[in-house]
Amino acid sequence: MTQTAHGVEFSQQLSETPKSAEERAAILANPGFGDYFTDHTAVVDYKVDADGNGGWQNARIEPYGPISLDPSAAVLHYGQEIFEGLKAYRHADGSVWTFRPEANAARLNKSARRLALPELPEEYFLGAIRELVQADQEWVPSGDGEALYLRPFMIATEAFLGVRAAREVSFRVIASPAGNYFGGELKPVSIWISREYARAGRGGTGAAKCGGNYAASLIAQQEAEANGCKQVLFLDHFNDDAVEELGGMNVFFVMKDGSLVTPALSGTILEGVTRMSVIQVAKDMGREVSERKITLDEWRDGVASGEIAEVFACGTAAVITPIGVLKDATEFIGSEDAKAGETTMAIRQQLLGIQTGTVEDTHGWLTRLV
């Protein structure tokens with residue numbers, strides 16, 4: 001039994017068949033994204049007792065492997081599930097750090113409230129990440145732009161078919177070495193406009209990070225890929241085609257005066273941790289940042305007039321990715337020959353520098369794991 005710096009005890013059952021150093025090295029030489037997983041997982045159980053009192057228990061590190069679920073488990077029928085995404089970065093001295101994990105813990109609990117799942121105390125969230133990364137620290141890559149991607153998630157495991165909030169839940173963290181999300185050299189990507197599908201509706205789960213939102217986006221993502229685009233843009237068709245977000249990333253516009261604009265959080269947009277970090281980094285650089293409604297018409301007209309100088313997307317997986325072209329069957333906004341903008345790259349370099357330890361962390365965003 002080990003006690004983390006956050007005061008939660010995790011028992012350890014280490015794998016008897018971990019990947020060999022040679023197998024691990026071969027994977028780390030070309031990790032891709034989400035293709036390979038480390039040797040262990042962190043798990044914490046939740047259960048409501050006969051008196052109606054719920055509590056988290058049995059925090060542990062165990063070998064990575066299949067999850068045994070009853071066929072009637074609530075997550076399989078009613079989609080009671082949430083997740084997070086963050087990264088662990090290896091710094092030049094060999095230490096391993098993660099970026100703003102408290103923000104991910106807070107967002108997980110915001111999602112939990114919306115999906116009628118129990119909130120997880122921050123110390124369990126931070127402890128699970130720390131214990132898992134310490135157990136699998138050899139899996140943290142050190143190449144340029146590489147990191148260990150961490151996926152905390154919570155699922156309803158109670159076996160029953162009644163329509164109510166589950167009384168048994170499992171919180172888990174898995175880890176996957178990750179390279180560049182879009183692969184290869186960083187260059188502007190093409191985005192497909194979704195005219196038919198919406199990512200989320202008013203009063204729905206758009207502000208929560210839950211699997212259902214992503215499942216609903218996949219058909220539009222397939223349409224994007226069929227048309228040579230990396231991502232899909234969702235609009236609010238009942239609000240002047242206001243820009244919302246991509247399938248898994250937030251959007252920023254760099255105006256010709258150097259200021260930034262990003263869609264305001266409306267309840268249908270996920271409050272990205274990278275999004276809030278970009279806002280702060282831009283302000284640190286002396287740039288004004290506006291969170292407001294911005295429509296497809298403004299995007300089109302702004303690019304044509306030069307009022308919008310650059311557009312980029314941001315998220316944990318890809319960090320910051322410049323956008324070159326926005327298109328559908330009738331629209332073509334931007335240029336396929338566009339270069340990554342200077343402001344986009346400056347913000348990206350500053351943010352990545354903080355994450356990887358080459359730029360001073362003046363906000364206390366980093367947490368050491370190893």
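Summarised in one figure, the compactness ratio Rg/Rh of the stretch 132-269, Cα atoms and Kirkwood Rh, is 1.03.
Across the stretch 83-97, computed HN-Hα scalar couplings (Karplus, 6.51 cos²θ - 1.76 cosθ + 1.60, θ = phi - 60°) run 7, 9, x, 8, 10, 10, 10, 8, 8, 4, 7, x, 5, 10, 10 Hz from first to last residue, x flagging Gly and Pro.
So, with a 1.4 angstrom probe, what is the percent of accessible area on the chain that is carbon and sulfur?
Working: 7590 of 16450 Å².
Carbon and sulfur: 46 percent of the exposed surface of the chain.
Per residue, the accessible area of the chain comes to 44 Å², computed with a 1.4 Å probe over protein heavy atoms only. Ranked from largest, the principal axis spans of the Cα set of the stretch 1-151 equal 50, 32, 30 Å.
In this label model, Ser95 and Met345 are separated by 3.1 nm, measuring between points 7 Å along each Cα→Cβ vector.
Please tell me which of these pairs span more than 18 angstrom C-alpha to C-alpha: Lys230/Lys293; Lys230/Lys339; Lys230/Lys327?
Lys230/Lys293
Here the 3J(HN,Hα) profile of the stretch 332-337, calculated from phi with Karplus coefficients 6.51, -1.76 and 1.60 at θ = phi - 60°, is 8, 10, x, 9, 5, 9 Hz, Gly and Pro shown as x.
Quick one: compute the contact order of the stretch 281-364, relative version, from alpha carbon pairs under 8 angstrom and 6+ residues apart, as a percent. Let's see the in-between values first.
Numbers: 63 pairs, mean separation 18.0, N = 84.
For the stretch 281-364, the relative contact order is 21 percent.
Histogrammed with a bin width of 10 Å, the alpha carbon distances of the stretch 88-207 distribute as 10, 30, 31, 23, 6, 0 percent, first bin at zero. Projected onto their three principal axes, the Cα atoms of the chain cover extents of 63, 52, 37 Å, largest first. Taken along its three principal axes, the alpha carbon spread of the stretch 222-320 comes to 40, 31, 27 Å, from the longest extent down to the shortest.
Sequentially through the stretch 228-238, phi angles give Karplus couplings (6.51, -1.76, 1.60; θ = phi - 60°) of x, 10, 7, 9, 10, 9, 9, 10, 8, 5, 9 Hz, Gly and Pro residues having no value and appearing as x. Here's the picture: charge each Lys and Arg Cβ at +1 and each Asp and Glu Cβ at -1 in the chain, and of Gly179, Gln57, Met276 the one pushed furthest to the positive end of that dipole is Gln57. Centre-to-centre separation between the Cα atoms of the stretch 245-296 and those of the stretch 316-341: 16 Å. Put simply, the convex hull of the Cα atoms in the stretch 9-67 casts, on average, a shadow of 5.8 nm².
The values are calculated or read from the model by the stated rules, or taken from the named source; none is laboratory data. Values in this document were obtained by computation on a predicted structure and should not be read as measured data. Here Cβ is always computed from backbone atoms with ideal geometry, including for glycine, and neighbour counts include all displayed protein chains. We work out accessible area using only protein heavy atoms, side chains counted, and drop any ligands, DNA or RNA first. Shrake-Rupley method; radii C 1.70, N 1.55, O 1.52, S 1.80 Å.
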